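Written below as structure tokens is the structure these notes are about.
The values are calculated or read from the model by the stated rules, or taken from the named source; none is laboratory data. The structure presented is a predicted model; accordingly, all values stated were derived computationally and were not measured. Using ideal geometry, Cβ is built from the backbone for each residue, glycine included, and neighbour counts are taken over all protein chains shown.
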Amino acid sequence: MNRFDTTPYRRSTVGFDRLFDLMERQARNAGGDNYPPFNIERRDEDAYRITLAVAGFRAEDLEITAQQNLLVIQGRKRDDQPEGEMLHIGIANRGFERRFDLADYVRVENADLRDGMLYIDLVREVPDAMKPKKIAIGGQKTLEVVKNEDDSAAA
């Protein structure tokens, strides 16, 4: 069995149980089905794109469901029968379900089907309340949001 042992990390961290469970689950399922093939692309610091090759599927055959920390893409098999006699069947016409675990604050921005490719654009939007803040020691009662160097250069 090819198991990733997270015990040393679990001893020195707090609140990362979900991440370690995810890593262990992915290691167990590493030999799973790879249909349909897909790419995951990082387009920007907080923008991603998942591309699935779904040749033969129409938009109405596909269902995309986004819930907290999970994206599920399902393709339903069509029962269309060809007009003639099939001599060779090499194009897969089977249903599928592909799951992607999403980080906190990642949401689906757009989905598009073009030329047999399903494009799903994702963005990460961290709320201001969750961004790091400088904490003053002593009398100052206001908190200041920590800005990245990129943010301060743009301002």
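Would you point out the residue of the range 76-94, among those that are of a type in the set (A, V, I, L, M) and under 12 Å from residue 57 (Cα atoms), that is modelled with the lowest pLDDT? Break it down into steps so the answer makes sense when it comes.
The initial filter retains those residues of the range 76-94 that are of a type in the set (A, V, I, L, M), namely 86-87, 89, 91-92.
Within this subset, residues satisfying the condition of being under 12 Å from residue 57 (Cα atoms) are 91-92.
Values: 91: 74, 92: 68.
Step by step, filter the range 76-94, then rank; the result is 92.
Residues that are modelled with pLDDT of 90 or more and part of a loop (DSSP other than H, G, I, E, B) within the range 114-139 comprise 115, 116, 125, listed in sequence order.
Residues that are more than 10 Å from the chain's Cα centre (by Cα) and either among the polar types (S, T, N, Q) or within 21 Å of residue 58 (Cα to Cα) (or both) within the range 99-133 comprise 109, 110, 111, 112, 113, 114, 115, 116, 117, 118, 119, listed in sequence order. Filter the range 71-94 down to residues that are surrounded by 11 or more Cβ atoms within 10 Å (Cβ to Cβ) and of a type in the set (A, V, I, L, M, F, W, C) and give me whichever is nearest to residue 131 (Cα to Cα). Result: 71.
To keep it simple, each residue is scored yes or no on (1) assigned to a strand (DSSP E or B); (2) at pLDDT below 90; (3) closer than 25 Å to residue 18 by Cβ; (4) not acidic (Asp, Glu).
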{"residue": "31", "(1), (2), (3), (4)": "no, yes, yes, yes"}
{"residue": "40", "(1), (2), (3), (4)": "yes, no, yes, yes"}
{"residue": "51", "(1), (2), (3), (4)": "yes, no, no, yes"}
{"residue": "60", "(1), (2), (3), (4)": "no, no, no, no"}
{"residue": "74", "(1), (2), (3), (4)": "yes, no, yes, yes"}
{"residue": "99", "(1), (2), (3), (4)": "yes, no, yes, yes"}
{"residue": "112", "(1), (2), (3), (4)": "yes, no, no, no"}
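Let's see how each residue does on (1) in contact (Cβ under 8 Å) with a residue 24 or more places away in the chain; (2) surrounded by 13 or more Cβ atoms within 10 Å (Cβ to Cβ); (3) not hydroxyl-bearing (Ser, Thr, Tyr):
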{"residue": "11", "(1), (2), (3)": "no, no, yes"}
{"residue": "14", "(1), (2), (3)": "no, no, yes"}
{"residue": "19", "(1), (2), (3)": "no, yes, yes"}
{"residue": "25", "(1), (2), (3)": "no, no, yes"}
{"residue": "50", "(1), (2), (3)": "yes, yes, yes"}
{"residue": "54", "(1), (2), (3)": "yes, yes, yes"}
{"residue": "69", "(1), (2), (3)": "yes, yes, yes"}
{"residue": "96", "(1), (2), (3)": "yes, yes, yes"}
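Residue 46 meets the stated requirement of being modelled with pLDDT of 90 or more and surrounded by 11 or more Cβ atoms within 10 Å (Cβ to Cβ).
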